[in-house]
Amino acid sequence: MGIYLDSNASSPIDERVLAVMVDTYLNSYGNADSRTHNHGEQARITVEYARKQVASLLGINSSEVFFTSGSTESNNIAIQGLEEYALETNKKHIITSAVEHKSVLETVKMMKKKGFEIELVKPDLSGQVNMQEILDKVRDDTLLVSIMHVNNETGIIQPVAELGSELEKRNVLFHVDATQSCGKLVDEIRNLKYNMLSFSAHKLKGPKGVGVLVLKKKRYKLPPVKNIMYGGQQEHGIRPGTIPVALVAGCGKACEIAEIEYKENSHKLRKLKSTLEELLNDSGLDYHYNGDQNYCVDSSANICFKGVMSEALMLSCKQYCSVSNGSACTSKSYSPSYVLEAMGIPIEDIESSVRISWGPETDEIEFRENLGKMIAIAKSLAV
Ligand code: PMP
């Protein structure tokens with residue numbers, strides 16, 4: 001199958017996470033909201049333990065953690081859940097960026113149909129959006145600013161730290177999609193000022209199908225986010241439906257492991273990135289990175305191989321490397337990456353670009369060998 005280099009799409013589950021999940025499936029099978037028996041109580045203990053593990057990683061209170069099915073759902077709740085508050089306060093202006101994940105972009109598009117005014121800021125070639133441009137757009141009726149921490153296609157870190165502080169001063173709600181940074185940029189997230197934050201467990205070696213929406217309290221009060229689904233009181237009504245106890249336990253364990261290991265992991269990730277740089281430098285290929293690497297995380301790179309069609313490259317090197325040329329959520333469409341397009345990258349460069357992303361588990365020798373093969377194929381394909 002070759003080496004897996006698509007960690008931004010999903011990461012392999014950590015065996016220690018899986019062990020906790022198997023144990024939970026076998027032994028904690030009660031409904032965490034059954035209050036009349038010990039089995040329910042045991043499941044509840046498991047869920048609350050996981051909530052504490054998540055809270056500890058993020059440096060927040062566990063009462064601010066709400067389990068969801070993943071970032072798509074968390075992003076939907078964070079944005080759509082503000083509708084009632086927007087109507088009450090007559091604040092219907094939302095600012096976001098053109099490079100957000102579709103779970104933000106499609107949600108605000110739907111809100112537009114409901115009469116909300118949406119403003120999209122575009123990044124420049126660096127891949128970063130301009131904080132001042134966002135602040136200049138803030139008005140008295142601005143309901144929300146939603147900006148991702150790290151872009152899933154480019155790995156570019158957005159200026160959410162500075163933005164969070166500025167928006168707090170202006171009393172504007174701030175949502176951060178931290179799907180690509182959670183468990184990696186741990187200290188940065190702990191220091192971030194935000195009202196809502198989303199992530200999915202499967203991006204940090206946890207299971208697929210579970211994630212978190214953080215609703216950060218301000219003077220003991222949660223942000224004015226309401227449920228968007230109906231039918232249960234679970235997660236304080238924010239996310240009704242039976243809690244998937246084993247998934248939640250897996251999410252908690254993945255967070256616990258990330259908290260213990262993130263410093264060591266960041267060294268491993270950096271090492272892999274320099275290996276990639278070394279291979280590219282020595283390759284003689286005409287290539288460049290998409291996005292300013294000074295702002296890029298150490299776990300991914302988006303590279304344009306001049307004169308090489310990325311579709312052909314990905315197919316030709318399938319046996320050596322699993323890489324991609326865009327978000328898995330939009331990969332069914334063969335249209336060029338909207339993220340790279342928004343950055344102002346010319347179409348021929350977009351068509352020659354691939355995303356490579358790795359994790360702390362990635363074996364360096366295999367990485368070097370298989371990427372070496374991919375680079376050799378790219379050379380043979382270059383026109
Ligand atoms: N936001 C970002 C930045 C992502 O990378 C992803 C997953 N590609 C999501 C949201 C959605 O996550 P999920 O598919 O787990 O709901």
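Among the conditions (1) within 16 Å of the ligand (Cβ to nearest atom); (2) part of a loop (DSSP other than H, G, I, E, B), the only one that residue 175 does not satisfy is (2). You will find that of 101, 39, 93, the residue that is open to solvent by 10 Å² or more (accessible area, probe 1.4 Å) and touching a strand residue (DSSP E or B) at 6+ places or on another chain (Cβ under 7 Å) is 101 and no other. Restricting region 265-286 to residues that are hydrophobic (A, V, I, L, M, F, W, C) and in a helix (DSSP H, G or I) leaves a set whose member that is nearest to residue 255 (Cα to Cα) is 269. Among the residues of region 235-246, the one identified as assigned to a helix (DSSP H, G or I) and open to solvent by 30 Å² or more (accessible area, probe 1.4 Å) is 236. Pairing each residue of region 335-362 that is at positive phi with any residue that is open to solvent by 40 Å² or more (accessible area, probe 1.4 Å), provided the two are 6+ apart or on different chains, yields C-beta distances under 6 Å for 344/125. Among the residues that make up region 163-170, is at least one of them within 11 Å of the ligand (Cβ to nearest atom), modelled with pLDDT of 95 or more, under 26 Å from residue 298 (Cα atoms) and not assigned by TED's automatic domain parsing to the domain that holds residue 324? No: region 163-170 contains no residue that is within 11 Å of the ligand (Cβ to nearest atom), modelled with pLDDT of 95 or more, under 26 Å from residue 298 (Cα atoms) and not assigned by TED's automatic domain parsing to the domain that holds residue 324. For region 178-192, the candidate set comprises residues that are touching a Leu at 6+ places or on another chain (Cβ under 7 Å) and of a type outside the set (A, V, I, L, M, F, W, C); within that set, the residue that is nearest to the ligand (Cβ to nearest atom) is 183. Annotation: residue 54 fulfils all but one of (1) more than 17 Å from residue 215 (Cβ to Cβ); (2) within 16 Å of the ligand (Cβ to nearest atom); (3) not aromatic (Phe, Trp, Tyr); the unmet one is (1).
Just so you know, in region 134-160 the residues that are of a type in the set (Asp, Glu) and open to solvent by 10 Å² or more (accessible area, probe 1.4 Å) include one that is nearest to the ligand (Cβ to nearest atom), and it is 136.
Do we find that residue 68 is in contact (Cβ under 8 Å) with a residue 60 or more places away in the chain and within 16 Å of the ligand (Cβ to nearest atom) in this structure? Spelling it out, residue 68 is indeed in contact (Cβ under 8 Å) with a residue 60 or more places away in the chain and within 16 Å of the ligand (Cβ to nearest atom). Taking the criterion of being away from the ligand (no atom under 11 Å from the Cβ), in a helix (DSSP H, G or I), more than 25 Å from residue 186 (Cα to Cα) and open to solvent by 10 Å² or more (accessible area, probe 1.4 Å), would at least one residue in region 114-131 satisfy it? Scanning region 114-131, I find no residue that is away from the ligand (no atom under 11 Å from the Cβ), in a helix (DSSP H, G or I), more than 25 Å from residue 186 (Cα to Cα) and open to solvent by 10 Å² or more (accessible area, probe 1.4 Å), so the answer is no. The number of residues in region 193-206 being more than 9 Å from the ligand (Cβ to nearest atom) and either open to solvent by less than 10 Å² (accessible area, probe 1.4 Å) or in a helix (DSSP H, G or I) (or both) comes to 4. Contact map, region 12-37: residues that are more than 17 Å from residue 201 (Cα to Cα) paired with residues that are hydroxyl-bearing (Ser, Thr, Tyr), Cβ distance under 7 Å, separation 6+ or inter-chain. Pairs shown: 28/46; 31/242.
If you filter region 50-62 down to residues that are touching a strand residue (DSSP E or B) at 6+ places or on another chain (Cβ under 9 Å) and part of a helix (DSSP H, G or I), you find that the one that is surrounded by the fewest Cβ atoms within 10 Å (Cβ to Cβ) is 52.
The values are calculated or read from the model by the stated rules, or taken from the named source; none is laboratory data. These numbers come from a predicted model, not from an experiment. For neighbour counting, all protein chains shown are included, and Cβ atoms are generated from backbone atoms with ideal geometry for every residue, glycine included. Just the protein is used for accessible areas: all its heavy atoms, side chains included, with ligands, DNA and RNA removed. Shrake-Rupley method; radii C 1.70, N 1.55, O 1.52, S 1.80 Å.
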